[in-house]
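Colleague: Dumping the structure here so I can ask a few things about it.
The values are calculated or read from the model by the stated rules, or taken from the named source; none is laboratory data. All figures in this text were calculated on a predicted structure; none of them were measured in a lab. Neighbour counts run over all protein chains shown; Cβ positions are idealised from the backbone, glycine included. For the accessible areas, the whole protein counts, side chains as well, though only heavy atoms, and no ligand, DNA or RNA atoms are used. Shrake-Rupley method; radii C 1.70, N 1.55, O 1.52, S 1.80 Å.
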Amino acid sequence: MRLLAFAFPWLLTACGTAFQPHPIPQQENITTIHEAAPDEDGFKTFVLSNAPQTAWPIQTWDLDSLTLSALYFHPALKVAKSDYAVALASITSAGLRPQVGLNSQLAHSNQANGDISPWAYSLQVSIPLITANKRQISIEIAQYQADIAKIQIAETAWMLRQQLSVDLILLAEQQAMQANLSKLQTAQDQLLDAYQKRLDVGVAGQSDVLPIRLQRDQSAWQLQQTSVQIKQTEQKILHDAGLTTQNNPLFKLAPVQLSQILKERFAHAAVYADATTIQHYALTNRMDIQRGLAQYAKAESQLKLEMAKRYPNLSLSPGIMYEYGDKIWSLGLSTMLNLLNRNSDLWAQAEQVRLNEAARFYALQHQVIQSSEQVHVKYRDSARLLVTLTQTYEQQMQRKAQLAKQWRQGLIDKVEYLQAEIQFYNAQQRLILQQANVMRALQEIENVMQTPIALSQRPVVTLKQQQKATAK
C-alpha cells in the first residue's frame, strides 16, 4: 500500500500537460496579409542573407528580386515548409521507444482460510522489447518522408519562380505591343487625314477611306485592351510575389528586352540545342525525379518493416505481490501470436506498393523524355520562324527608310510613305509576337530541365563545361 501511495502522485504528474485549444486568428491573418510589404525589416534581412549582392532598398525589380519576395511572402512556400516541419516531427515520434506499463491490484479477504493478513496487493511493470530492428526501420521511413517534403519545398520555390518568369515574358510582350500600336495608330491617323483631304477634293472615294478608318479603329481598340492587360499583368506579378495591392504600389519593374535576351540565349544554344541534352539535364536536375526515388526508397523500407513484423515483439513483466501475508516475486514474458493475420499477405501488399512506385517512376521518366523532345521541337520551330520574320522585318525597315528618304526629297507623296510605315509596324507586331513565343518556348525548356535559362542573369553552363568540371 505504501508503494502505491508513493507511485500514484508520480503517475498523475506523468500524464503531461493538459490540452490547450488554439483557434485560428482569422482577422489577424487578414491584417497580416494586407500589411505585408517589401520594406519590412524581416524581408530586408532575408534578402541580404540569401542574396547579399542585391542592392537595398530594391529600386527596380527583376526576376531574381521578385523571386526573393515570393519566397518570403507567398503562402504556398509557407505550407511546404510546414509540411516539412511535420515530417521532421514524425522522425522524432518514430524514434520514440514504447512506453513502460505499470499495473497494480488491490484485494481484501474475509480471512476464511486463516490468512495472516486480509490484504493483497501487487505491482507489475511491463517492459516492451522491439525485435528485428523495427524501430530503426520506422525512423528510416520517416526520414524518407522528410526528404520528400524537403524536395516539395524546392519544387514549390521553383513553381513560384516559373510563374513570375511567365508573367514577365507576357508583360514584355504587352509593353512592346503597346509601343507598336501607339506608333501604328499615329501613322493610321495621318494616313486617314491624307485620304480625307483627297476625299474632300474628290480624288478619293468613301471606299478608299472606310478600310483605313476601320483599321485605325481596330488599332485603337487593341491599344486600349493592351493597356488594360498591362495593368492586370502588373497586378498579377505583385500577387505572384506574395503581396496584395491594398497597401503596396505596383512594382517598378526592370525593362525586359526580348530581342536582346534572345540574342544572348542564341549565343549559348548548346545547352538546349537538341533533345538529348535537354533530356540529360531533366533526368538529373528535376526535383520530381528526386522525389520519385525517395518515394521508391520509402516503399522499400515499408516492405522491410512488414517483413520484420514476422518477428513478434516481446514484453518483460517483472512484478512483486503481497498476498495475504506472503511476499511473491514474479517475472513474466509475453508476445503476440500472429495466428489470424498472415504476414505473407502484408508482405504482398507492401511489395505491390513498391512495384507501384517503380511503375510511377518509369512513367515519370517516360514523361520527362517525351517533354524534352516536345519542348525542343517547339523551340526549334519557333526559332526558325523567328529568323524568317526577322528577315522580313529588316526588309520592311530598309524599305521604310528608303521611302522616307524619297518622301523628304519629294519623289513620292506622303500616302505612299505612310502605307509603307504601316506595313513596317505590322511586320514589327508579328516579330514581337514571335519573340514572345520563342521566349515562352525557352521558358518551357527551362521548366523541363529545371535549369534557369529564359530570364536568368546567371551565365549558362553547357553540358561539356559541366562534364569538364565534374572530371576535375
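Colleague: Is at least one residue of segment 333-345 charged (D, E, K, R) and surrounded by 14 or more Cβ atoms within 10 Å (Cβ to Cβ)?
Modeller: no
Colleague: Here are some residues: A94, A85, A154. Which one is of a type outside the set (D, E, K, R), touching a helix residue (DSSP H, G or I) at 6+ places or on another chain (Cβ under 9 Å) and without any contact (Cβ under 8 Å) to a residue 24 or more places away in the chain?
Modeller: Residue meeting the stated conditions: A85.
Colleague: Looking at D200, D240, D274, D217 in this structure, which one is open to solvent by less than 40 Å² (accessible area, probe 1.4 Å) and of a type in the set (D, E)?
Modeller: One residue alone meets the criteria, D240.
Colleague: Here's another thing I want to ask about it. Mind listing just one residue for me: the one in segment 23-37 that is in contact (Cβ under 8 Å) with a residue 24 or more places away in the chain and out of contact with any helix residue (DSSP H, G or I) (no Cβ under 6 Å at 6 or more places or on another chain) and, of those, least open to solvent (accessible area, probe 1.4 Å)?
Modeller: Of everything passing the filter in segment 23-37, A37 is least open to solvent (accessible area, probe 1.4 Å).
Colleague: Identify the single condition in (1) exposed (fewer than 15 other Cβ atoms within 10 Å of the Cβ); (2) not in a helix (DSSP H, G or I) that Q395 does not satisfy, given that it satisfies every other one.
Modeller: All conditions are met except number (2).
Colleague: Still on this structure, please answer the following. Of all residues being surrounded by 14 or more Cβ atoms within 10 Å (Cβ to Cβ) and part of a loop (DSSP other than H, G, I, E, B) in segment 110-130, which is modelled with the lowest pLDDT? Just the residue, please.
Modeller: Ranking the candidates gives D115 first.
Colleague: Can you tell me how many residues within segment 243-271 are part of a loop (DSSP other than H, G, I, E, B), open to solvent by less than 60 Å² (accessible area, probe 1.4 Å) and in contact with a Phe, Trp or Tyr (Cβ under 7 Å, 6 or more places away or on another chain)?
Modeller: Residues flagged as part of a loop (DSSP other than H, G, I, E, B), open to solvent by less than 60 Å² (accessible area, probe 1.4 Å) and in contact with a Phe, Trp or Tyr (Cβ under 7 Å, 6 or more places away or on another chain) within segment 243-271 amount to 3.
Colleague: Looking only at segment 356-379, which residues are surrounded by 13 or more Cβ atoms within 10 Å (Cβ to Cβ) and over 23 Å from I453 (Cβ atoms)?
Modeller: Within segment 356-379, N356, E357, A358, R360, F361 meet the criteria.
Colleague: So which residues in segment 399-434 are open to solvent by less than 30 Å² (accessible area, probe 1.4 Å) and in contact (Cβ under 8 Å) with a residue 60 or more places away in the chain, if there are any at all?
Modeller: Passing the criteria: V415, L418, E421, I422, Y425, I432.
Colleague: Taking interchain pairs and intrachain pairs at least six residues apart, which have beta carbon atoms under 6 angstrom, with the first residue in segment 41-61 and in contact (Cβ under 8 Å) with a residue 12 or more places away in the chain and the second open to solvent by less than 70 Å² (accessible area, probe 1.4 Å) and not hydrophobic (A, V, I, L, M, F, W, C)?
Modeller: F43/Y72; F46/Y72; V47/T54; I58/S65
Colleague: Can you tell me which of S65, S49 is at pLDDT 90 or above, under 23 Å from the mean Cα position of the chain (by Cα), under 26 Å from S165 (Cα atoms) and open to solvent by less than 80 Å² (accessible area, probe 1.4 Å)?
Modeller: Being at pLDDT 90 or above, under 23 Å from the mean Cα position of the chain (by Cα), under 26 Å from S165 (Cα atoms) and open to solvent by less than 80 Å² (accessible area, probe 1.4 Å) holds for just one of S65, S49, which is S65.
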